[in-house]
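Colleague: Just dropping this structure here.
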Amino acid sequence: MIASKKKFKLGSIEPIVFRTVNTIIMLIVIVVMLYPFWNTVAVSLNNPQDTLKGGITLFPRIFSTYNYETVFKNRLLLIASVNSVLRTGISTILGVIVAAMIAYVLSRPEFLWRKFATRYFLVTMYVSAGLIPNYFLIRDLGMINDFSVYILPGLVSVFNVIVVRSYIKSLPSSLFEAAFIDGVGHFRCFLLIAMPCSKPVLATVALWCAVGAWNSWFDTFIYCSSDENLTTLQYEMMKMLAAAMSSSSRSGDAIYQAGQAASNMVTPVSIRAAITVVAAVPILVVYPFLQKYFVKGVMIGSVKE
Amino acid sequence: MILPWMIFTFIFNYLPLTGWIMAFQNFRPGKGYWKSPFVGFDQFAFLFREQGFWRAFRNTLAMSTMNLVFGFVFAIGFALLLNEIKNTYFKRTVQTISYLPHFLSWIIVCGLISNILSTSDGAFNNLLMWLGIIDKPILWLGEPKYFWWIVAFANVWKETGWNSIIYLAAMSSIDTSLYEACEIDGGNRYRKMWHITLPGIRPTILVLLIMNLGFILNAGFEVQYLFGRGLVMDVSETIDIFVLKYGITLGNYSLATAAGIFKSVISIFMIVTTNYLSGKIEDERLF
């Protein structure tokens, strides 16, 4: 990548050569980033039997919504979708509120334990007890096979707290001073000043919470795998992929159906493509709109202390 | 307002640390922490004699190092090139598309990888055959020698765009008069990149390096877990998978916890050392 542009070609033609090469590289990047996903969309909209013949690239050959019908008729996948949506919604709302609360307190200079509290939270970012102790904790709290396991353990995200804190700190302090002189307490100051003023950063954090919750599957796998009413989309996707990998990684034949569908019309490859699209679309729809926020959020997060 | 959340964090992040006791016991879930016999460092001794553990350690280190190196090189390279694009509309489009994979879950990414690398009509094999580089499809995911590269490039694919955000932002804050001065001195595009842009983003690179070195024993999980089957297992098993296998599947909780502690200790050591070193060399500390 870099080697190609290091060729020294001085003179008037050089800028044009560079610009052309650079543009071509960028176009290749676009193709490489988009193609795998685009191809999956095409496969998911193609007739499943026809897909087996191969050769689907950019567009479906025989258009069919059969794969999606199968996905949405499947009871397990329906439960999984509902759970995924629920956990994403709840964790996002609670996650943002919690992060904002902690961040507000940590940003107040008059809070005496500020330094200690900041360290206290920061440590958890780098030190984790590990899988087994966590598992026993969750078990002792009675949260195995319980929906709360999706919400509570990840509720306090230290990274998000730091991002919000940096943002609140960057707000003009006269804003808060004025409020305190007017006799406003901390709770009202938090609700009426800090929260509304940090909308952009809260949007960023909301996006991160939502993406994290929507994409996680490991907690389902560890804590809730024996209760199919608590399954999530990503976990179902993982199971299908694992089955596909172990039965044969070279062909897309329909040995495994894992009770996925009754009809022999359906093939694993097509169903997987459809689920991939279902699992990815909510995020892809949201993220371009929040882009201008999260770029800012990343920057704030990087200048931590 | 903060107290409830401190208690909450205590329960979910600090309380499990007491579980580290397990690593010094011969832990039986039926007996609990109080009645399981203490065995001192026997679990660690056993762990360090276990070949599978060192293999997992080697794999983890190799894959995360590759991820780190390729991740940095590609993100910085991409940011440098993108920085040279003058058309804002095109630049923004490229950027938006390059973030896209960051938001997809690893599960989905694994599914896409398995499609692309598939031997039956996989895009990568098709492309190579079309170019005449190979004459029959290669089973990429079944060959141990390709595995680390697949993991590294999966990471590059997923994270390059996202990681470049921060470099681009750092580049945009470089004083433009430096570029003008360089131009007057007769420096061309590449000199500007080498002598101004790269030194300009050096603090950013260092901070990110410290942060990432703390996670050196996290090589990712999903790709190795899903694709590590059969022959590939020898090169794919990471410490995380080792812990999962011994802890959850085989029920040897003490050994798995010991492996987890080992991992935590190394990350703390790494983060403290790199933080100290970078404070010495560059006067750039994280905490």
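Coordinate-derived values only; no laboratory data. As the structure is a prediction and not an experimental result, all values here were calculated from the model. Neighbour counts are summed over all protein chains in view; Cβ atoms, including those assigned to glycine, are modelled from backbone coordinates with ideal geometry.
Colleague: Looking at the calculated P(r) for the protein assembly as shown, what percent of the C-alpha pair distances fall above 48 Å?
Modeller: Details: 26440 of 174936 pairs.
The proportion of pairs with Cα distances above 48 Å equals 15 percent.
Colleague: While we're here: With r defined as the distance between the Cβ atoms of residue B:38 and residue A:141 and R0 fixed at 25 Å, what FRET efficiency is calculated, to the nearest 0.05? Could the numbers behind the result be given before it?
Modeller: Values: r = 25 Å, r/R0 = 1.02.
About 0.45, to the nearest 0.05.
Colleague: Using every pair of alpha-carbon atoms in segment B:65-141, split the distances into 10 Å bins beginning at 0 and state the percent of pairs per bin, rounded to integers.
Modeller: 16, 28, 38, 18, 1
Colleague: Over segment B:224-277, how many percent of alpha carbon pairs lie in each 10 Å bin up to the one with the longest distance?
Modeller: Reading the bins upward from 0: 23, 36, 30, 11, 1.
Colleague: Over the Cα atoms of segment A:85-239, how large are the radius of gyration and the largest Cα-Cα distance (Dmax), in Å?
Modeller: 18.0, 59
Colleague: Given 5 Å bins starting at zero, what is the percent of C-alpha pairs of segment B:43-282 in each, up to the one with the largest pair distance?
Modeller: Bin by bin from 0 Å, the calculated values are 1, 6, 11, 13, 14, 15, 12, 10, 8, 5, 3, 1, 0, 0.
Colleague: Where does the charge balance sit around residue B:75 when Lys and Arg score +1, Asp and Glu -1, over other residues with C-beta under 15 Å from its C-beta?
Modeller: Working: positive: B:158, B:202; negative: B:159.
The answer is +1.
Colleague: Amide H neighbours of residue B:25 under 5 Å, counting only residues 5+ apart in sequence or on other chains, H built in-plane at 1.01 Å?
Modeller: Under 5 Å from the amide H of residue B:25: B:39.
Colleague: According to the Cα gyration tensor, what semi-axes, each the square root of 5 times an eigenvalue, does the equivalent ellipsoid of segment B:15-153 have, listed from largest to smallest in whole Å? Let's see the in-between values first.
Modeller: Numbers: eigenvalues 385, 108, 46 Å².
They are 44, 23, 15 Å, listed largest first.
Colleague: For A:227, B:42, B:185, B:240, what's the fewest-to-most ordering of other Cβ within 10 Å of each Cβ? Show your work: numbers first, answer last.
Modeller: Details: A:227 13, B:42 16, B:185 9, B:240 22.
So the residues, fewest neighbours to most, are B:185, A:227, B:42, B:240.
Colleague: Now a separate question. Which angle from 0 to 90°, rounded to the nearest 10, does the C-alpha axis of helix B:144-172 make with the longest principal axis of chain B?
Modeller: 50 degrees
Colleague: For the pair residue A:191 and residue B:231, how long in nm is the line joining their label points, each one 7 Å along Cα→Cβ?
Modeller: Going by the 7 Å Cα→Cβ label model, 6.5 nm.
Colleague: Something else: How large is the helix-only mean residue ellipticity at 222 nm for chain B, computed as the sum of -39500 (n - 2.57) over DSSP H runs with n ≥ 4, divided by its residue count, in deg cm²/dmol to the nearest 500?
Modeller: Working: 15 runs with 184 residues, N = 287.
Calculated mean residue ellipticity at 222 nm is -20000 deg cm²/dmol.
Colleague: Note down the magnitude of the dipole of the protein assembly as shown about its Cα centre, charges +1 on Lys and Arg C-beta and -1 on Asp and Glu C-beta and zero elsewhere, to the nearest 20 debye. Could the numbers behind the result be given before it?
Modeller: Values: 46 positive and 32 negative charges, 92 e Å.
The calculation lands at about 440 debye.
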